[in-house]
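The values are calculated or read from the model by the stated rules, or taken from the named source; none is laboratory data. Since the structure is predicted, the reported quantities are computational estimates derived from the model, not experimental observations. Note: ideal-geometry Cβ built from the backbone for every residue, glycine included; neighbour counts use all protein chains shown.
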Amino acid sequence: MRAVIQRVSKASVEIKGQINGSIEQGLLVLIGIEDADNQDDIEWLAKKIIQLRIFSDEAGLMNKSILDINGNILLISQFTLFGQTKKGNRPSFIRASKPDIAIPLYENFFKELSSCLGKEVQTGIFGADMQISLINDGPVTIMIDTKNKE
């Protein structure tokens, strides 16, 4: 699994002109899934995201987690995180899982992330054409790949 995590002041996802998910202060998480991903990746990544200390404390230092600030999460599926650009100018997405594999993993990740957060995570719709609006706070953007845990 690959995740791009952005600290946001607010974020929302719109699908066909309707807001599907919206948060105030928290994290926008873009998630890509590949065939090699499993439940261990889901659990490790959810805990890692929840424990990231990327929110400012009283001294202005990044010392607080999403739990510490009672923040929210907007989770968006994004197969393009596995785009390969080694050859030519058109990205290849061969490493990204097809929906029959990716959807159950995405749904399990959503459940695990919600459980770790202690409240429901907001989402887009898997595979939909989505318009994401956000105000990146900082900016703070972190990339995590579960295949590079060390």
Every pair of residues 6+ apart whose Cβ atoms lie under 9 Å, when the first sits in the range 65-83 and is under 21 Å from residue 107 (Cα atoms) while the second is assigned to a loop (DSSP other than H, G, I, E, B) and of a type in the set (Phe, Trp, Tyr): 77/126; 79/93; 80/93; 82/93
Please note which strands (runs of 3 or more DSSP E) are completely contained in the range 16-103 and include at least 1 residues that are in contact with a Phe, Trp or Tyr (Cβ under 8 Å, 6 or more places away or on another chain) and of a type in the set (D, E, K, R). 62-64
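Return the residues of the range 131-141 that are loosely packed, with under 15 Cβ neighbours inside 10 Å and aliphatic (A, V, I, L, M); say none if nothing qualifies. Can you show your working first?
Here is the first cut: in the range 131-141, the residues loosely packed, with under 15 Cβ neighbours inside 10 Å are 131, 133, 135-136, 138-139, 141.
Selection gives 135 alone.
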Qualifying position, being at negative phi and either loosely packed, with under 13 Cβ neighbours inside 10 Å or of a type in the set (Gly, Ala, Ser) (or both), among 48, 87, 10, 16: 87
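Right, residue 133: of a type in the set (S, T, N, Q) and under 19 Å from residue 78 (Cα atoms) or not? Reasoning before the result, please.
Working: of a type in the set (S, T, N, Q): yes; under 19 Å from residue 78 (Cα atoms): yes.
It is true that residue 133 is of a type in the set (S, T, N, Q) and under 19 Å from residue 78 (Cα atoms).
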Residue 79: closer than 17 Å to residue 45 by Cα, modelled with pLDDT under 95, surrounded by 10 or more Cβ atoms within 10 Å (Cβ to Cβ) and not polar (S, T, N, Q), yes or no? yes
Just wondering, is there one or more residues in the range 105-117 that are closer than 19 Å to residue 145 by Cα, in contact (Cβ under 8 Å) with a residue 60 or more places away in the chain, touching a strand residue (DSSP E or B) at 6+ places or on another chain (Cβ under 6 Å) and not in a loop (DSSP other than H, G, I, E, B)? yes
Residue 4 meets each of (1) aliphatic (A, V, I, L, M); (2) farther than 18 Å from residue 129 by Cβ; (3) more than 13 Å from the chain's Cα centre (by Cα) with one exception, condition (3)
